[in-house]
Amino acid sequence: DLSRETGISAPTVSKAVNDLLKLGFLEETTQSNNSLGRPGMKVRLATQKSRVLGIVLDSEECVVVPALLDGTTEDEKAIRFTPPDDYLDLLKQLAAAIASLSAGSDVSVLGIGISSPGLISFSSQTSLLVPSMEVLGSQCIAVDLERETGFTTLAMQESRALCLAENLFGSARFLKDFVMMDVGTWLSLGIFSNGSLFNGNDGLTGQLGHITVDPAGSRCRCGNQGCLGTIATDKALTASVNARSGQSLTVAELFQRIRSGAMRVDAELSQVTDYLAIGVAAVINLFNPGTIYLHGRMLGVTSDFLGSLIRSVRQRALPPSFEQCTIQAATVNRLHGAVAAIVHHLTLNVGPRLG
């Protein structure tokens, strides 16, 4: 069937399939009822004997989870912990979680993907600037984990990983031009252009949150003043409400109170929505994407948050570009992003071997 569909010779297809079987990417299922010629081998993406591990690094919580190659995460097996302030301690806890998830099983771990905040060099895998998780600064956590565990490991900036996940596992499978906008604790973009993830010179792309919108505004953790991310994120909303109310609520606590009706934050939420709309409109005007996917807790702060945001974006974006763009919630999460990063990396590495 593969030979007929692709036009590639049967011996070449057979060799490629056998190599993928040996590598653990494919597995045999029941015999095919192919009526043309000899009975064919029926194969599928490996589900029984192969896994990858996804790691999400975040200032609030780190998560390690096993997953199938199709992006399905085994959340019931996830290991979660609060990140320590010391890098070696973080490395030790991650290595222990990986050992726990990969030990005592006949399932092979093909690789590890890491979704990480900050700027990550595409070429060296170094975390160059991570204001939200300083323990990672100037470290090569993927390189260090690979040395500790022996598993192929790749780190990717979280919004870029989300973008890749939406393309591999989500609703953007057949889209060539779209943007993933992470609107959580920070603002950053993953950009899919002409069918590929846009890397720029070294993968340091998409830092929308560090565009200055108020030169006299609050100081950002990057060192500048008035960055968009200091005004248009869930943490910015929480900080603004806490300043007015004199409380010390976390983002989760504030959102729970808003949704339950115990707290009204109309003025603060309106300001955050307006500034976020400025960012979304800028993305539309700059990149002319067919779709913008939004990811983050902000989308659930009220039942009409997304609708309100889109109405504000409509007022600020250039009309022709806005009319060509669909704005919708992402269908993937950061764990999917971590899995997508390593699946994509492994697939690229397999290509030359099969050639």
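The values are calculated or read from the model by the stated rules, or taken from the named source; none is laboratory data. Just so it is clear, the structure is predicted and the values come from calculations on it, not from any experiment. When we count neighbours, we look across all protein chains shown, and the Cβ atoms used for this are built from the backbone with ideal geometry, even at glycine.
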Exercise. Could you list, in sequence order, all residues of the stretch 326-347 that are touching a residue at least 40 places away in the same chain (Cβ under 8 Å), surrounded by fewer than 21 Cβ atoms within 10 Å (Cβ to Cβ) and hydrophobic (A, V, I, L, M, F, W, C)?
Key: L346
Quiz item: Does L346 fit the bill of being in a helix (DSSP H, G or I) and under 30 Å from I114 (Cβ atoms)?
Solution: yes
Practice problem: Taking only the stretch 295-305 into account, find how many residues are more than 17 Å from Q271 (Cβ to Cβ) and either among the charged types (D, E, K, R) or free of Cβ contacts under 8 Å to residues at least 40 places away in the same chain (or both). | Solution: 2
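For the stretch 319-329, indicate whether the set of residues that are assigned to a helix (DSSP H, G or I) and of a type in the set (G, A, S) is non-empty. Give the steps one after another, and end with the answer.
Of the residues in the stretch 319-329, the ones assigned to a helix (DSSP H, G or I) are 319-323.
Narrowing the set further to residues that are of a type in the set (G, A, S) leaves 321.
Within the stretch 319-329 (the criterion being assigned to a helix (DSSP H, G or I) and of a type in the set (G, A, S)), the answer is yes, since at least one residue qualifies.
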Practice problem: Could you look through the stretch 109-122, keep only residues that are out of contact with any Lys or Arg (no Cβ under 6 Å at 6 or more places or on another chain) and among the polar types (S, T, N, Q), and pick out the one that is surrounded by the most Cβ atoms within 10 Å (Cβ to Cβ)? | Solution: S116
Quiz item: Just checking, how many residues over the stretch 181-220 are closer than 20 Å to L309 by Cβ and either free of Cβ contacts under 8 Å to residues at least 24 places away in the same chain or surrounded by fewer than 15 Cβ atoms within 10 Å (Cβ to Cβ) (or both)?
Solution: 1
Quiz item: Is it true that some residue in the stretch 143-166 is surrounded by fewer than 17 Cβ atoms within 10 Å (Cβ to Cβ) and of a type in the set (S, T, Y)?
Solution: no
Self-check item: Filtered residue count, the stretch 65-94, keeping only those that are under 19 Å from G118 (Cβ atoms), surrounded by 17 or more Cβ atoms within 10 Å (Cβ to Cβ) and of a type in the set (A, V, I, L, M)
Solution: 3
Quiz item: Of everything in the stretch 319-355 that's modelled with pLDDT of 95 or more and hydroxyl-bearing (S, T, Y), which residue is nearest to G170 (Cα to Cα)?
Solution: T331
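Residue-wise test of (1) of a type outside the set (V, I, T); (2) outside any helix (DSSP H, G or I); (3) modelled with pLDDT under 80; (4) not assigned by TED's automatic domain parsing to the domain that holds S132.
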site: T12; (1), (2), (3), (4): no, no, yes, yes
site: E27; (1), (2), (3), (4): yes, yes, yes, yes
site: G40; (1), (2), (3), (4): yes, yes, yes, yes
site: V64; (1), (2), (3), (4): no, yes, no, no
site: E76; (1), (2), (3), (4): yes, no, no, no
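Hand me the list of helices (runs of 4 or more DSSP H) wholly inside the stretch 182-300 holding 1 or more residues that are among the charged types (D, E, K, R), assigned by TED's automatic domain parsing to the domain that holds S132 and at pLDDT below 95. Can you show your working first?
Working: elements: 234-245, 251-260, 266-287.
By residue number, no helices (runs of 4 or more DSSP H) qualify.
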Exercise. Report, by residue number, each residue of the stretch 246-291 that is acidic (D, E) and in contact (Cβ under 8 Å) with a residue 24 or more places away in the chain.
Key: E268, D274
Quiz item: If the Cβ limit is 8 Å and pairs must be 6+ apart or interchain, which residue in the stretch 136-153 that is over 13 Å from L57 (Cα atoms) pairs with which residue that is crowded, with 17+ Cβ neighbours inside 10 Å and among the charged types (D, E, K, R)?
Solution: T152/E146; T153/E146
Exercise. Give the residue, chosen from G246, G223, G261, G229, that is loosely packed, with under 13 Cβ neighbours inside 10 Å and under 26 Å from the mean Cα position of the chain (by Cα).
Key: G223
